[in-house]
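Enquirer: Okay, here's the structure, questions in a sec.
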Amino acid sequence: MTACVSDPPTKPEDVPDLDVLPLIPLPVSIDGGDEVYYYDSYEGEVLPSLNPTIGDAQRYLSDRWPELALPLQFAISETLQGEAYRIEFKNEEIELEAGTREGMLNAAKTLGQVLHFSGGDAGEVFISSGTITDEPRFDYRGYMLDVARHFFDVEEVKAVIDRIAPYKINHLHLHLSDDQGWRIEIKSWPKLTEIGGQSEVDGTPGGFYTQDDYSEIVNYAQSRGITIVPEIDMPGHTNAALSAYPILNADGVAREPYTGTNVGFSTLDTDQDSVYTFIDDVVREIGALTPGPYFHLGGDESDATEHEDFVNFVNRAQQIVQENGKIPIGWDEVATSELAEETVVQLWAHPDYALRAREAGNAVIMSPATRTYLDMQYDSTSRIGLHWAAYIEVDSAYQWDPATVAEGLTDGDILGVESPLWGETIRNLEDIDYLTFPRLLAHAEIGWTPQEKRDYPDFLRRLAAHQDWLREQGIGTYETRALADQDNVQ
Ligand code: TNX
C-alpha cells in the first residue's frame, strides 16, 4: 500500500503523546517517542489480503472507516502468540504485527481508538511516535445477552456485536432459552420455536432465530473477533420447552406459557431417557452451527429439581455436550455435580463452588453478580434494572480483582470475566445501551489489563473521552455519577 505524496499540513500544537491517549482497555505497554508523524490518506479501495491473519483486520478497519487508506503495514510475527500484538508508529508507516488473526484484530481495534483520539476519523492524521505492545490478562472476556426474557432480532444482536468488539470483548454468550421463551430453531423438535418461541416477559410477542439467522450472527461475530457461546438453560428455567412438548414433563402435561419474572419453578423430568434424547438433539444441532468450542448448559436455580436428580442430570448433560465435541460451561451450581474434566464453572453467586471447581482442576469464569451483572441498577433512580444483588455504579464495576473473588483462586485458575445482561427489564437497544455502557468498559479493562496497571482515577479520565465518543455514535450510554463527582473535585 502506498500513500499519496503531498506536503503535510502544519503540525498542530496539541498532538497528544501516545501514552496519554484515552485507550480502553489500557494496553500493557506504551513506549512513547518524541516525534510526531503525519500520515496521509487517500480515497480508494483497499483490497483485503487473502491471508486471514491480515484480511479480517483490514476489513474491520475499512468497515468503520470506509474512506480511510493510511500507510499501514501488516506483519505476521513468529514471536507474538495468541491475542498479543504490537503497533509501531514510524515515520513512513504504521506497522501492525501479530501472530494470529485474533491478535491482528486486536491491533486493528487499538489502532481505531488511536486514530479517533488523534482526530483521524476523517483521514489525514498526526500521531505521536512510539510502540504499543499488548496482550490480555485473561483469554476469555465475555458479554452475555439474555434474548429469552425479551427477544432481540439479528440486526439488534449485530448492533451489540459492533458495540462490544472495539473493547476487545471476545465472547458473546447468548442465553437462548428460559421459562419465558425458546429462541433457536431445532429442526428435530420444531414446536420449541413454534410454541415456545412465541412468548416473552410482559406478554408481548416473542421471536426466535432460524438456524440461518443464528449462523449469520455467528459469522458476523467471528469476523470481528468474537466467539458465540450458545446457552440452553437446563434442567430448570425450561418452562418454554415444557410448554411445547408435554413429554418433557414428569406428569406428561404441557405447561402454560409463562410471561412473568419468577425463577426456580420449572424442571425437565430428569428420570426420563427421552429427555436425554431431546438434549442430545438440541446440543447436536446447535453445536453443528457453532464453530466456537463451548456449549453452556445453564444449571442455575434448579429449585424445582431434587438435588440428587440435579446431580445425575448435570453429570449426563456434561457427557452429552462432550460427546458432541464441545466444552461444557455451567453456572456455579454445576460444581455440586461430578465435574467433567473440561467443564468450565461460571461463578455468579457462590465462591465456594468456584473453589470446588479449582480443587477438581476446572477453570472458572468470573461473573460475580454484585460487580458484573449489567441488569443491576446503577442506583435507586435508574429507570430500568433490578437490584437484588447490588446497585452497581462505575466505581463498584471497576474496583475489584477477579483473583480475590474466591479466596484461594489465582489467575491460572481463572479463564476470564463475563458481564451478563439479563433481560427481564430490557425491551430495546436503547435499554441495552443504558445498562451496558459505560460499565462494560470497566469490565473489559478488568479482563484485559494487568491488575497492577489499573488505576481508577486514570480509568475515569479515559472513560470521559469514551462517553463522548459513544454518544457521537448514537449509543445511549448512561451518564454516570462517577464522572460528575470527578468534575466537582477538579
Ligand atoms: C438470576 S444469575 C438468574 C437469572 C435472572 C437474574 C436476574 C443466574 C445464573 N440466574 O435467571 O435473570 O438473576 O438478575
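The values are calculated or read from the model by the stated rules, or taken from the named source; none is laboratory data. Quick caveat, the model's predicted, so the values are computed rather than measured. Reconstructed Cβ throughout: ideal geometry from the backbone, glycine too, with neighbour counts over all protein chains shown. To get the accessible areas, we keep the full protein, side chains included, count just its heavy atoms, and leave off ligands, DNA and RNA. Shrake-Rupley method; radii C 1.70, N 1.55, O 1.52, S 1.80 Å.
Enquirer: Restricting attention to helices (runs of 4 or more DSSP H) lying wholly within the stretch 377-490, give those where 3 or more residues are outside the structural domain of V157 (by TED's automatic domain parsing) and crowded, with 19+ Cβ neighbours inside 10 Å.
Expert: Of the helices (runs of 4 or more DSSP H) lying wholly inside the stretch 377-490, those with at least 3 residues that are outside the structural domain of V157 (by TED's automatic domain parsing) and crowded, with 19+ Cβ neighbours inside 10 Å span 456-472.
Enquirer: I'd like to verify a number: residues in the stretch 250-292 that are more than 30 Å from the chain's Cα centre (by Cα) and not in a loop (DSSP other than H, G, I, E, B), how many?
Expert: Of the residues in the stretch 250-292, 4 are more than 30 Å from the chain's Cα centre (by Cα) and not in a loop (DSSP other than H, G, I, E, B).
Enquirer: Another question, if that's okay. Give me the pairs, please: first residue somewhere in the stretch 386-402 and within 14 Å of V417 (Cα to Cα), second residue anywhere and within 11 Å of the ligand (Cβ to nearest atom) and of a type in the set (A, V, I, L, M), beta-carbon distance under 9 Å, and either six or more positions apart or on two chains.
Expert: A397/L374
Enquirer: Within the stretch 141-156, count every residue that is outside any loop (DSSP other than H, G, I, E, B) and either surrounded by 22 or more Cβ atoms within 10 Å (Cβ to Cβ) or in contact with a Lys or Arg (Cβ under 9 Å, 6 or more places away or on another chain) (or both).
Expert: 6
Enquirer: Could you check the stretch 273-300 and list, in sequence order, the residues that are open to solvent by 40 Å² or more (accessible area, probe 1.4 Å) and touching a strand residue (DSSP E or B) at 6+ places or on another chain (Cβ under 8 Å)?
Expert: Within the stretch 273-300, P291, P293 qualify.
Enquirer: Tell me which residues, restricted to the stretch 46-83, are touching a residue at least 60 places away in the same chain (Cβ under 8 Å) and either open to solvent by less than 40 Å² (accessible area, probe 1.4 Å) or not in a helix (DSSP H, G or I) (or both).
Expert: Within the stretch 46-83, D56, Y60, A69, L70, P71, L72, Q73, E83 meet the criteria.
Enquirer: Looking at (1) within 21 Å of L174 (Cβ to Cβ); (2) surrounded by 16 or more Cβ atoms within 10 Å (Cβ to Cβ), find the lone condition where T267 falls short.
Expert: So the condition that T267 fails would be (1).
Enquirer: Continuing with this model, one more query. What pairs can you find where one residue is in the stretch 241-270 and farther than 19 Å from H150 by Cβ, the other is within 16 Å of the ligand (Cβ to nearest atom) and acidic (D, E), and their Cβ atoms are less than 7 Å apart, with a gap of 6+ or different chains?
Expert: G264/E301; G264/D303
Residue-by-condition table, conditions (1) in the same structural domain as N324 (by TED's automatic domain parsing); (2) of a type in the set (D, E); (3) more than 16 Å from the ligand (Cβ to nearest atom); (4) surrounded by 19 or more Cβ atoms within 10 Å (Cβ to Cβ):
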| site | (1), (2), (3), (4) |
| --- | --- |
| P190 | yes, no, yes, no |
| Q198 | yes, no, yes, no |
| Q211 | yes, no, yes, no |
| Y220 | yes, no, yes, no |
| S223 | yes, no, yes, no |
| I226 | yes, no, yes, yes |
| M234 | yes, no, no, yes |
| V263 | yes, no, no, no |
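Enquirer: Evaluate the following for Y245: is it closer than 25 Å to D375 by Cβ and of a type in the set (S, T, Y)?
Expert: no
Enquirer: Among the residues of the stretch 118-133, are any open to solvent by less than 10 Å² (accessible area, probe 1.4 Å) and in a loop (DSSP other than H, G, I, E, B)?
Expert: Scanning the stretch 118-133 turns up at least one residue that is open to solvent by less than 10 Å² (accessible area, probe 1.4 Å) and in a loop (DSSP other than H, G, I, E, B).
Enquirer: Another question about this same structure. If I ask for residues that are touching a strand residue (DSSP E or B) at 6+ places or on another chain (Cβ under 6 Å) and open to solvent by 10 Å² or more (accessible area, probe 1.4 Å), which ones from the stretch 363-372 would you list?
Expert: A363
Enquirer: From the list T267, T277, which residue is hydroxyl-bearing (S, T, Y) and under 20 Å from G181 (Cβ atoms)?
Expert: Checking each option against the conditions leaves just T267.
Enquirer: Here is a further query. Just to be sure, is N106 in the same structural domain as L429 (by TED's automatic domain parsing), more than 16 Å from the ligand (Cβ to nearest atom) and in contact with a Lys or Arg (Cβ under 8 Å, 6 or more places away or on another chain)?
Expert: It is false that N106 is in the same structural domain as L429 (by TED's automatic domain parsing), more than 16 Å from the ligand (Cβ to nearest atom) and in contact with a Lys or Arg (Cβ under 8 Å, 6 or more places away or on another chain).
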